[in-house]
Amino acid sequence: MPAQPHSRYAELKTQLNLHNYRYHVLDAPLISDLEYDRLLNELKQIEAEHPDWITLDSPTQRAGAGPADRFEKIRHPAPILSLANAFGAEDARAWFERIQKLDDRVEQAQFVVEPKIDGLSVVLHYRDGQFVQGATRGNGEIGEDITGNLRTVKAIPLRIPVVNSKLTAPKYLVVRGEAFIPIKDFETLNKKLEEAGERTYQNPRNTAAGSLRQLDPELTATRPITLLVYQIVHAEGGAVPTSQWEVLEYLKALGFPVANVSKRFKALEAALTYTETFNQGRDQLPYEADGMVIKLDDLKLAADLGFVGKDPRGAIAYKFPAREVTTTLNEIGVAVGRTGVLTPYAVLEPVEINGVTVERATLHNFDFIAEKDIRVGDRVLLKRAGEVIPYVIGPVTDARSGREKKFKPPAKCPACGQAVEHLEGEVAWYCVNAACPAQLLRNIEHFVSRGALDIVGLGIKIVEQLIESGLIEDAADLFALQKADLLKLEGFAEKKAENLLGAIAQAKGQRLNRVIIALGIRGVGEVVANDLARAFGSLSALAQASAEELQQIEGLGPNIADSIVDWFARPANRKVLKKLKSAGVDPQMEKLSSQNQTGKLTGLTFVVTGTLPNFSREAAKEFIESHGGKTVDSVSKKTSYLVLGEAPGSKFEKAKTLGVKIIDEAGLRKLAE
Ligand code: IVH
């Protein structure tokens, strides 16, 4: 292979850092994920050949730090200050009057209003444009070195300026920002954890702070942390702006993420009006903000005004009214989710938090109740932030009368009465009865969903109607529905009934992997279902598999194996399978080893190179073969496709030279569909 010039390496790094910025900072990517991966792979290949070329600003070095034993202490180059609070417009006006008396220039001052993000304050150091160190605020003078963790935050540029501009950054630049998890990402994270039976997080702030202050960067990398910067703490070897507004513009131009709701005003009153509109529309911000910061735009003036303790006089935090209240916990209820996870929730004495009446709040899991010693009858502290469902922070133990009752998790499912189960190492308790009415609705919703049997037109409302009218007791009953049954339901006429029955009939022909997904076995999503379909070939073979046999599948661990065996052992589930079979839902798939198959890939030749995200090399070959395709080891003109994974070998180069089509794992799966 021709040696790669160093200039190509440098160009790839610049390009990748730019695309990373377009994606993670601007949310406006210029290229597809596949194209990004191709560039990254090229870079990785060069790095494999020239390990001595690798620099810290390479995108491959984000999670490469390895776990730390402890965090070193770092002295900040300038004090990392705090802010004085203003509770309402009057407080803010009083602040303005105070500082006006101290300096005549204040009267003419302009103001910058920024969101006060509820996250973790971090300090980022850049030397010669390269991100070299990152720290927590600590006590304002000395913080902890969390560089390894911060490097995994994709919104943090590893090199500045990111965008090719005429700007040059100072030789040494230290900026400050707030690291946080956006509300939506937090909710998605918790949903995933809940589905996996793992402990959910309480709130975005603590999760972000906790993830950045733990010792293993690989774990931080799995958390959706981002950041917004707002201050230049220190600069050497280059000039930086002296107005806050220009600082924000400058940081933005260098490629740092900066809040897009920040604004500059000529008068305090206008700044206050803007701030107030944010108090009203706070739920529209994609992150938690506990107020707005009002800053003097003139940074020289702000510095001259000095401090009161650790609070600079030149800025004030306009705090939104707290969204925390106390109320009485009347009862602890237990909800049952699709996978049977039991989730406790608080039934509260109704209470208003900023215009919204709250009667229920999540209690996460039973361990949380025990750890916080939350008792029925307790006065509890409650918080509602952004769009996050209200949550209980903990009990107000001083308010106890002695009549509060300790809570015991139910031994039986509150909906169906069957015994609940607990898997070792998980916090969740489950109801494992597939016929449990509380699970039924969610189960069928999943059964008919797009990724499963994909029954078009069968929405949740109709499922509810079908359950309520007793027409279905489990998902398999859908296939026994008659037109006359449907016509009895409200809103059903001939046409609608026929369409629905047509869609149900069509679903009978779904492939085995889709049917396995539809069963809703805990831990069995798209990837595992594909593997199971290929390994066992039919539902009846899968139903007989032992945990040991299941664990032969790469990446399938004991928990999922147990959950599969358990699912098929349940009499109610066996009944569902039997009904499915007699309704004609019994797809077969040729097992891995069988030869001479025809499929979507028949006649095509594939070469696999590099590590694929969900397939081992062997599994990828088997996948191709099970769909009728052929796999060979070397690339030639006859090769139909190169399947490209991470860190590919020389086959990638050869394929490019010969003009062979290149696809990734997702592309391969699509081709086989
Ligand atoms: S300015 C002189 N601006 O709020 C600079 N702080 O209560 C003082 N915070 O510790 C800080 N967003 O972690 C500033 N736009 C923003 C902010 C912000 C969040 C945090 C910061 C600080 C705390 C002060």
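The values are calculated or read from the model by the stated rules, or taken from the named source; none is laboratory data. Predicted model, so just to flag it, every value in this text is computed and none were measured. Quick reminder, even Gly has a Cβ in these numbers, built from the backbone with ideal geometry, and neighbours come from all protein chains shown.
In region 283-325, which residue that is basic (Lys, Arg) and crowded, with 20+ Cβ neighbours inside 10 Å is farthest from the ligand (Cβ to nearest atom)?
The first filter runs over region 283-325 and keeps only residues basic (Lys, Arg), leaving 295, 300, 310, 313, 319, 323.
Add one more test, that the residue is crowded, with 20+ Cβ neighbours inside 10 Å, and what stays is 295, 313.
Details: Lys295: 7, Arg313: 10 Å.
Across region 283-325, the extreme among qualifying residues is Arg313.
Can you go through Val528, Val524 and tell me which one is of a type outside the set (Phe, Trp, Tyr), outside any helix (DSSP H, G or I) and under 22 Å from Ala620 (Cβ atoms)?
Numbers: Val528 fails: outside any helix (DSSP H, G or I).
None of the other options fit; the residue is Val524.
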Item to complete: Consider Leu489 carefully, then state whether it is at pLDDT 90 or above, surrounded by fewer than 19 Cβ atoms within 10 Å (Cβ to Cβ) and assigned to a loop (DSSP other than H, G, I, E, B).
Response: yes
Discussion item. Being free of Cβ contacts under 8 Å to residues at least 60 places away in the same chain and either closer than 25 Å to Thr60 by Cα or not charged (D, E, K, R) (or both) is the requirement here; does Asn149 meet it?
Written reply: no
Item to complete: Name every residue in region 448-484 that is without any contact (Cβ under 8 Å) to a residue 24 or more places away in the chain, of a type outside the set (A, V, I, L, M, F, W, C) and outside any loop (DSSP other than H, G, I, E, B), in order of residue number.
Response: Lys461, Glu464, Glu468, Lys483
Discussion item. Among the residues of region 85-95, are any loosely packed, with under 15 Cβ neighbours inside 10 Å, more than 16 Å from the ligand (Cβ to nearest atom), among the aliphatic types (A, V, I, L, M) and more than 20 Å from Val258 (Cα to Cα)?
Written reply: yes
Item to complete: Please work out if Ile54 is farther than 20 Å from Leu173 by Cβ, more than 16 Å from the ligand (Cβ to nearest atom) and either surrounded by 14 or more Cβ atoms within 10 Å (Cβ to Cβ) or of a type in the set (A, V, I, L, M) (or both).
Response: yes
Fill in: Output for region 108-126, where each listed residue is out of contact with any His (no Cβ under 9 Å at 6 or more places or on another chain), away from the ligand (no atom under 16 Å from the Cβ) and either of a type outside the set (Phe, Trp, Tyr) or part of a loop (DSSP other than H, G, I, E, B) (or both)
Gln108, Gln110
Worksheet item: If you scan region 352-381, which residues turn out to be more than 29 Å from Gly425 (Cβ to Cβ) and at pLDDT below 90?
Response: Glu352, Ile353, Asn354, Gly355, Val356, Thr357, Val358
Worksheet item: Failed condition for Ile517, given (1) free of Cβ contacts under 8 Å to residues at least 60 places away in the same chain; (2) assigned to a helix (DSSP H, G or I), with all others met?
Response: (1)
Response to the item:
Of (1) more than 30 Å from Leu219 (Cβ to Cβ); (2) within 16 Å of the ligand (Cβ to nearest atom), Arg105 fails just (2)
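If you check Glu42, Glu114, Glu49, which single one turns out to be charged (D, E, K, R) and surrounded by fewer than 18 Cβ atoms within 10 Å (Cβ to Cβ)? First the steps, then the outcome.
Details: Glu42 fails: surrounded by fewer than 18 Cβ atoms within 10 Å (Cβ to Cβ); Glu114 fails: surrounded by fewer than 18 Cβ atoms within 10 Å (Cβ to Cβ).
Selected residue: Glu49, the only one of Glu42, Glu114, Glu49 that is charged (D, E, K, R) and surrounded by fewer than 18 Cβ atoms within 10 Å (Cβ to Cβ).
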Worksheet item: If Pro79 satisfies every condition in (1) under 30 Å from Phe265 (Cα atoms); (2) more than 16 Å from the ligand (Cβ to nearest atom); (3) surrounded by fewer than 16 Cβ atoms within 10 Å (Cβ to Cβ); (4) in contact (Cβ under 8 Å) with a residue 60 or more places away in the chain but one, which is the exception?
Response: (2)
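Test Arg70 against the stated conditions and say whether it is away from the ligand (no atom under 16 Å from the Cβ) and in a helix (DSSP H, G or I). Spell out how you get there, then give the answer.
Numbers: away from the ligand (no atom under 16 Å from the Cβ): yes; in a helix (DSSP H, G or I): no.
Judged against the criteria, Arg70 is not a match.
Quick check on Lys651: is it surrounded by 18 or more Cβ atoms within 10 Å (Cβ to Cβ) and not in a strand (DSSP E or B)? Break it down into steps so the answer makes sense when it comes.
Working: surrounded by 18 or more Cβ atoms within 10 Å (Cβ to Cβ): yes; not in a strand (DSSP E or B): yes.
Yes: the conditions hold for Lys651.
Counting residues that are more than 16 Å from the ligand (Cβ to nearest atom), under 26 Å from Ile393 (Cβ atoms) and hydroxyl-bearing (Ser, Thr, Tyr), which helices (runs of 4 or more DSSP H) fully inside region 127-229 reach at least 1? Break it down into steps so the answer makes sense when it comes.
Working: elements: 147-151, 183-195, 204-212, 217-221.
In region 127-229, the matching helices (runs of 4 or more DSSP H) lie at 183-195, 204-212, 217-221.
Looking at region 210-220 only, could you name the residues that are surrounded by fewer than 19 Cβ atoms within 10 Å (Cβ to Cβ) and either farther than 21 Å from Ile80 by Cβ or not charged (D, E, K, R) (or both)? Write out each step before concluding.
Looking only at region 210-220, we keep the residues that are surrounded by fewer than 19 Cβ atoms within 10 Å (Cβ to Cβ), and these are 210, 213-216, 218-219.
Within region 210-220, Gly210, Gln214, Leu215, Asp216, Glu218, Leu219 meet the criteria.
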